[in-house]
Amino acid sequence: MSAALPPANSHSDLGSHKVKSPDSLKRKLSKSSSKELDEEEVRSGIPAKRLALDPRSRQCPYLDTINRSVLDFDFEKLCSVSLSHINCYACLVCGKYFQGRGQKSHAYTHSVQEGHHVFLNLETHKFYCLPDNYEVVDSSLDDVIYVLNPVFTPAMIKQLNLSSKQCIAYDGKSYLAGIVGLNNIKANDYCNVIMHTLSHIAPIRDYFLREENYKGIKAAPGDRMIMVPHRFGELLRKLWNPRNFKTHVSPHEMLQAVVLCSKKRFQITKQGDPIDFMSWLLNALHLSLGGTRKLSSSIINKTFRGKMTVYSRMIPTSEVTESERLALEQSGAYEEKVEENQFLYLTCDLPPMPLYPDELKENIIPQVPLASILSKFNGVTEKEYKTYKDSTLKRFEITKLPPYIIVFIKRFTKNQFVYEKNHTIVNFPIKNVDFGELLSEEAKKSHKYTHYNLLSNIVHDGEPKSGVYLAHILHKGSGKWFELQDLHVMDRLPQMIPLSESYIQVYELNKSIPNKSYVPPTKAAGNGASATEEAMSVAAEEAGPAEEAGPAAAEIGPVAAEIGPVAAAAETA
């Protein structure tokens with residue numbers, strides 16, 4: 001009796017009340033998607049055959065319109081119109097990014113309006129001619145692919161430390177691979193010096209130049225930290241690319257990943273502290289690569305992580321009464337405690353600056369030798385750490401030296417009133433720094449080499465709030481020192497490096513000078529049980545005590561400020 005009403009969820013034309021079936025919607029979607037031969041369609045096989053048979057693929061008349069001087073693949077792969085990263089193409093005539101290549105896409109519209117015809121799919125690395133929509137196959141475009149995604153073979157990586165060959169960019173300028181400027185977008189010079197430094201540490205560089213080393217790492221759903229090693233690897237490959245079109249690189253994609261993964265702790269528009277950024281970056285790479293507290297769990301730990309023993313004992317303050325002091329002594333609070341810790345870098349304290357000028361009414365900048373500030377870690381020198389209720393004397397003894405040692409010279413002091421910089425000059429040798437002097441006699445016997453050479457020196461130049469960061473880098477292939485400050489690259493005499501206000505230094509193990517106190521481990525062939533005991537002790541040393549994952553990790557607070565962050569909470573998780 002009553003007329004049949006259309007379904008409530010139908011949004012078809014009100015005049016005809018026609019409802020489109022799912023099959024018709026699928027056919028419509030398939031027709032619209034067939035206009036764009038994206039990556040999924042190429043895999044289907046039919047478009048690939050049609051493209052392979054197209055006679056225009058190898059005879060494209062528009063290849064001479066490609067302008068390599070405007071190609072820049074350092075920025076995020078986003079469409080310049082829709083800001084989408086899906087199915088993005090680069091126009092090889094003007095260098096802009098556009099989405100899709102169907103008749104209603106932004107790339108198609110750009111090709112018709114501007115007369116630009118050659119496009120590159122940034123995901124599949126295939127070239128297309130628009131608006132004719134056929135694939136371009138030509139070996140002369142291989143250099144564009146290599147700039148977009150440089151690939152290094154093991155043989156090429158072995159030659160990086162041996163070659164001093166000058167590379168020629170597309171604009172005719174010469175440069176050394178690895179010694180190229182990094183663009184300072186606004187105030188990211190503190191990030192640039194760290195990435196320059198890490199790019200010249202051989203184990204880190206060799207690992208990240210090969211994408212196969214970390215491509216298959218699995219991450220939890222929604223884990224953004226997996227972006228850090230991939231973006232870092234892309235940046236290193238561009239820095240060491242011997243066939244760049246230009247003599248500088250923009251770290252835009254890497255910095256965006258840093259801002260996102262650090263939850264805006266490190267920003268492009270605000271200058272930060274390089275040591276904080278280096279600590280965060282190394283720990284983020286370590287955890288993203290599946291690292292644990294074992295020294296051999298990741299390339300980061302194998303390169304930088306050392307071990308030390310921390311001795312601490314409380315001392316009574318003047319506010320403690322005699323009865324309270326006796327009670328604390330009986331409870332064992334004043335007894336010395338021993339704790340085994342790992343360190344990522346060594347924090348060295350500078351002597352305070354003189355308050356008054358000299359007799360010539362000039363403030364003379366004091367100088368201090370490197371051995372003097374490193375004596376803090378010889379196991380004898382004690383330092384007092386004060387809190388609001390008690391004081392603690394601590395001394396640090398290094399027990400295991402890593403292949404690369406990071407030395408952080410604490411120059412800045414901040415309180416609720418002022419933010420000051422200590423301008424004291426640290427005198428240090430460029431080569432053959434003996435860190436074995438910090439080891440005990442027993443620990444020294446287990447180290448085959450104890451001498452180190454300076455590899456990188458990060459400097460803060462200027463006032464605390466308005467200064468800039470620059471890096472002195474040793475190029476091993478040529479044996480020359482270079483000063484890199486953002487886009488500026490210049491030669492530097494080695495004699496001038498110790499005269500700067502060093503902030504962070506990286507030392508590399510020198511295997512040309514053996515340690516005379518070294519005692520090689522004895523082979524356990526004669527002792528039946530000694531082999532098993534030695535293997536168990538080595539495994540226990542790498543794993544660390546079981547309690548370190550619990551309360552000991554939480555008690556490391558004041559020590560972490562002196563021996564570098566151990567990422568206790570993150571690593572135990």
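Key figures
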item: 3J(HN,Hα) from dihedral phi, segment 292-301, Karplus parametrisation 6.51/-1.76/1.60, rounded to Hz, x for glycine, proline; result: 10, 7, 5, 5, 9, 7, 7, 5, 5, 5
item: Average accessible area per residue (Å²) across segment 142-229 - probe 1.4 Å, nucleic acids and ligands excluded; result: 46 Å²
item: Euclidean distance between Cα centres, segment 365-383 to segment 113-179, Å; result: 50 Å
item: Approximate spin-label separation S517-S478, in nm, with each point projected 7 Å along Cα-to-Cβ; result: 4.0 nm
item: Accessible area per residue, Å², segment 237-330 with all protein chains present, probe 1.4 Å; result: 42 Å²
item: Trypsin sites (Lys or Arg not before Pro) within segment 79-110, DSSP loop, no more than 10 other Cβ atoms inside 10 Å; result: K104
item: Solvent-accessible area, 1.4 Å probe, carbon plus sulfur percent, for segment 269-362; result: 52 percent
item: Derived scalar couplings ³J(HN,Hα) [segment 244-249; Karplus, 6.51 cos²θ - 1.76 cosθ + 1.60; whole Hz; x for Gly, Pro]; result: 5, 7, 9, 9, 8, 10
item: Fully extended contour minus Cα-Cα distance, from S139 to E442, at 0.36 nm per residue; result: 102.9 nm
item: Distant-in-sequence amide H partners of K126 (H built 1.01 Å from N, under 5 Å); result: N121
item: Euclidean distance of C-alpha centroids, segment 471-511 and segment 96-110, integer Å; result: 46 Å
item: Contour excess over end-to-end distance, with Cα ends at R325 and K165 and 0.36 nm allotted per residue; result: 50.7 nm
item: Spherically averaged projected area of segment 235-281 from its Cα convex hull (nm²); result: 3.9 nm²
item: C-alpha center-to-center spacing [segment 191-221, segment 385-422] in angstrom; result: 29 Å
item: Greater than 21 Å apart at Cα, pairs in K77/K173; K410/K448; K77/K246; K337/K448; K307/K376; K158/K516; result: K77/K173; K410/K448; K337/K448; K158/K516
item: Estimated vicinal HN-Hα couplings, Hz - segment 75-88 in sequence order (Karplus 6.51, -1.76, 1.60; Gly, Pro = x); result: 8, 4, 7, 10, 5, 6, 9, 8, 6, 9, 9, 8, 6, 9
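The values are calculated or read from the model by the stated rules, or taken from the named source; none is laboratory data. Just so it is clear, the model here is predicted, and its values are computed rather than measured. Positions of Cβ are generated from backbone atoms using ideal geometry, with glycine treated the same way; all protein chains shown enter the neighbour counts. Calculation scope for accessible area: heavy atoms of the full protein, side chains included, ligands and nucleic acids excluded. Shrake-Rupley method; radii C 1.70, N 1.55, O 1.52, S 1.80 Å.
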